[in-house]
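*Asks:* One structure, pasted below without further comment.
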Amino acid sequence: MLLGSVVIIAVFIVPYAIMFIGSLKTQAEITRIPPPYIGDALHFDNYRTMWSSNVHPSDGLTATIVISVVATAIVLLVATPAAWFTARYTFPGRTVFLALVLIVQMLQPTVLAVGLFREFLQLGLNDTWIAMILVNSAFNLTFAVWIMQAFFASIPREVDEAAALDGAGRLQILTRISLPLVWPGIVTALIYVFVAAWNEYAAASIIMTSNDLQPLTVALPRFFGLYAAQWQYIFGVSIVAIVPVVVLFSLIEKRLAGGLTAGSVK
């Protein structure tokens, strides 16, 4: 059991360790055959050089943070009442609505990237953060509605009825009664939506054309030259892009685990 755990951890950790060590090597050491496990010296100045390069990873990091945070906030603000109402009330077209939620989830920005480009071009929103915020919000909204609807549906209706008898309105029932009971589901939706927006590439590579507005996923390939790739900087930017997601996971890991396992035991 212990050996298996060590092997699994190694499988996931080793690639990141290789990237981090590679970010501290020189280009010559990385391209040497066979490459050394650790270079002659640790070149932490690679990060300073990378940060001040013409690729401007700081701009890409800022764009990624703004797009991901705002898109996630919009999704949660819209999906929470939609999921609650869908779980709590029966209305004409409810089944069709849930079916459409699943169908939309099957679509990806990759398939619709060209159409999105033309649409935002006509709206005057092409090459703006607003366009990417709308794209990420739209394509992740259905997942958030679906998963939170299941959590709201797991709450006994008697809880809402008791609150209504005490004089609570729908908004009060949602904010004061239901939301505290479905925090694991909200956190689960939050982390998946945030990571999906953070890693989005296909639509961003077509819609975002200005280098200073592009997220990290689009800025990273600019370290690939015509004849060579600056691997030490590519590894460095990859590490920088991973750190915020790892920090977010570590902060809400307990609630995420609760969300993934909620409902397994009655």
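*Asks:* Hey, could you check the range 93-134 for residues that are charged (D, E, K, R) and assigned to a helix (DSSP H, G or I) and say which is farthest from residue 157 (Cα to Cα)?
*Replies:* Among those that are charged (D, E, K, R) and assigned to a helix (DSSP H, G or I), it is 118.
*Asks:* Checking residue 90 against (1) modelled with pLDDT of 85 or more; (2) among the hydroxyl-bearing types (Ser, Thr, Tyr); (3) outside any helix (DSSP H, G or I), which single condition isn't satisfied?
*Replies:* Of everything listed in (1) modelled with pLDDT of 85 or more; (2) among the hydroxyl-bearing types (Ser, Thr, Tyr); (3) outside any helix (DSSP H, G or I), residue 90 misses just condition (1).
*Asks:* While we're looking at this one, here's another question. Are there helices (runs of 4 or more DSSP H) fully within the range 1-56 with at least 3 residues that are at pLDDT 85 or above? List them.
*Replies:* Qualifying helices (runs of 4 or more DSSP H): 2-23, 45-51.
*Asks:* Related question: Can you tell me which of 72, 80, 90, 62 is farther than 30 Å from residue 131 by Cβ and of a type in the set (Val, Ile, Thr)?
*Replies:* Going through 72, 80, 90, 62 in turn, just one is farther than 30 Å from residue 131 by Cβ and of a type in the set (Val, Ile, Thr): 90.
*Asks:* A further question on this structure: Based on what the data block shows, is residue 63 in contact with a helix residue (DSSP H, G or I) (Cβ under 6 Å, 6 or more places away or on another chain), touching a residue at least 12 places away in the same chain (Cβ under 8 Å) and surrounded by 15 or more Cβ atoms within 10 Å (Cβ to Cβ)?
*Replies:* When the stated conditions are applied, residue 63 does not pass them.
*Asks:* List the helices (runs of 4 or more DSSP H) that sit entirely inside the range 135-230 and contain at least 1 residues that are of a type in the set (Ser, Thr, Tyr) and assigned by TED's automatic domain parsing to the domain that holds residue 88.
*Replies:* 183-199, 202-207, 216-219
Residue-by-condition table, conditions (1) at negative phi; (2) out of contact with any Asp or Glu (no Cβ under 9 Å at 6 or more places or on another chain); (3) assigned by TED's automatic domain parsing to the domain that holds residue 158:
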position: 27; (1), (2), (3): yes, yes, no
position: 31; (1), (2), (3): yes, yes, no
position: 35; (1), (2), (3): yes, no, no
position: 52; (1), (2), (3): yes, yes, no
position: 68; (1), (2), (3): yes, no, yes
position: 77; (1), (2), (3): yes, yes, yes
position: 82; (1), (2), (3): yes, yes, yes
position: 90; (1), (2), (3): yes, yes, yes
position: 96; (1), (2), (3): yes, yes, yes
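*Asks:* Examine the range 178-199 for a residue that is surrounded by fewer than 19 Cβ atoms within 10 Å (Cβ to Cβ), among the polar types (S, T, N, Q) and touching a Ser or Thr at 6+ places or on another chain (Cβ under 8 Å), and state whether such a residue exists.
*Replies:* yes
*Asks:* Further question on the same structure: Taking interchain pairs and intrachain pairs at least six residues apart, which have beta carbon atoms under 7 angstrom, with the first residue in the range 13-28 and within 15 Å of residue 237 (Cβ to Cβ) and the second surrounded by 14 or more Cβ atoms within 10 Å (Cβ to Cβ) and among the hydroxyl-bearing types (Ser, Thr, Tyr)?
*Replies:* Correct list of pairs: 19/238.
*Asks:* May I ask you to list pairs of residues, at least six apart or on different chains, whose Cβ atoms are under 9 Å apart, with the first in the range 191-203 being free of Cβ contacts under 8 Å to residues at least 60 places away in the same chain and the second being in a loop (DSSP other than H, G, I, E, B)?
*Replies:* From the range 191-203, the pairs are 201/215.
The values are calculated or read from the model by the stated rules, or taken from the named source; none is laboratory data. Computed from a predicted model, the values in this text were never measured in an experiment. In this analysis, Cβ positions are derived from the backbone assuming ideal geometry, glycine residues included, and neighbour counts consider all displayed protein chains.
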